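To start, the structure itself, in structure tokens.
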């Protein structure tokens with residue numbers, strides 16, 4: 001065997017090793033998964049509580065303002081009526097006593113009747129009543145996705161629902177938002 005033949009065999013052997021290694025690498029590249037299998041998708045939501053005022057009109061009944069606080073009108077009318085009734089009883093000094101007693105009893109009765117009427121005299125008005133209520137809102141913030149890639153299950157939060165599979169490039173998930181129309 002001459003030198004050129006040995007050189008040729010050596011170069012050919014090296015070339016075979018390099019080509020074989022390239023073929024294995026190429027095979028592995030071709031064999032890498034192009035998609036990860038989606039196992040589960042759960043919506044991730046954020047709850048916000050916002051306080052706000054809730055106002056409504058309500059009917060309120062109150063005692064009407066009293067114009068005659070001492071109930072003079074009732075006492076006077078009752079006293080006059082009682083005095084007239086008392087003067088109809090008896091005669092002489094007994095009649096005077098009955099008139100005075102009738103006037104006193106009538107004045108007290110008139111006062112109490114006026115008091116009862118004033119307490120029942122009601123005024124209804126409309127008032128605005130407000131209270132703070134908490135309003136709850138939910139906002140979708142993404143999707144918690146469980147996926148299987150190369151025999152391992154893992155999770156990731158994504159901005160969109162990926163469907164049944166997630167694209168893989170160079171062994172890594174492609175997590176960018178899909179283009180419109182796809």
Give just the number: which of (1) in the same structural domain as residue 71 (by TED's automatic domain parsing); (2) modelled with pLDDT of 85 or more; (3) surrounded by 15 or more Cβ atoms within 10 Å (Cβ to Cβ) does residue 123 not satisfy?
(3)
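Could you check, for segment 83-100, whether at least one of its residues is closer than 30 Å to residue 54 by Cα and either loosely packed, with under 15 Cβ neighbours inside 10 Å or touching a residue at least 24 places away in the same chain (Cβ under 8 Å) (or both)?
No, there is no match, as no residue in segment 83-100 is closer than 30 Å to residue 54 by Cα and either loosely packed, with under 15 Cβ neighbours inside 10 Å or touching a residue at least 24 places away in the same chain (Cβ under 8 Å) (or both).
Residue check: is residue 112 out of contact with any strand residue (DSSP E or B) (no Cβ under 9 Å at 6 or more places or on another chain), modelled with pLDDT of 90 or more and over 30 Å from residue 38 (Cβ atoms)? Steps first, answer last, please.
Details: out of contact with any strand residue (DSSP E or B) (no Cβ under 9 Å at 6 or more places or on another chain): yes; modelled with pLDDT of 90 or more: yes; over 30 Å from residue 38 (Cβ atoms): yes.
Judged against the criteria, residue 112 is a match.
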Single residue of 68, 144, 121 found to be touching a residue at least 24 places away in the same chain (Cβ under 8 Å) and within 30 Å of residue 175 (Cα to Cα)
144
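Residue 126 - would you say it is at negative phi, outside any helix (DSSP H, G or I), touching a strand residue (DSSP E or B) at 6+ places or on another chain (Cβ under 8 Å) and free of Cβ contacts under 8 Å to residues at least 12 places away in the same chain? Don't jump to the end; show me each part of the working.
On the way: at negative phi: yes; outside any helix (DSSP H, G or I): yes; touching a strand residue (DSSP E or B) at 6+ places or on another chain (Cβ under 8 Å): yes; free of Cβ contacts under 8 Å to residues at least 12 places away in the same chain: no.
So residue 126 fails the test.
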Of 78, 90, the only residue that is in contact with a helix residue (DSSP H, G or I) (Cβ under 9 Å, 6 or more places away or on another chain), part of a loop (DSSP other than H, G, I, E, B) and outside the structural domain of residue 170 (by TED's automatic domain parsing) is 90
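The values are calculated or read from the model by the stated rules, or taken from the named source; none is laboratory data. Predicted model only: the values in this text are computed from it and were never measured. Neighbour counts run over all protein chains shown; Cβ positions are idealised from the backbone, glycine included.
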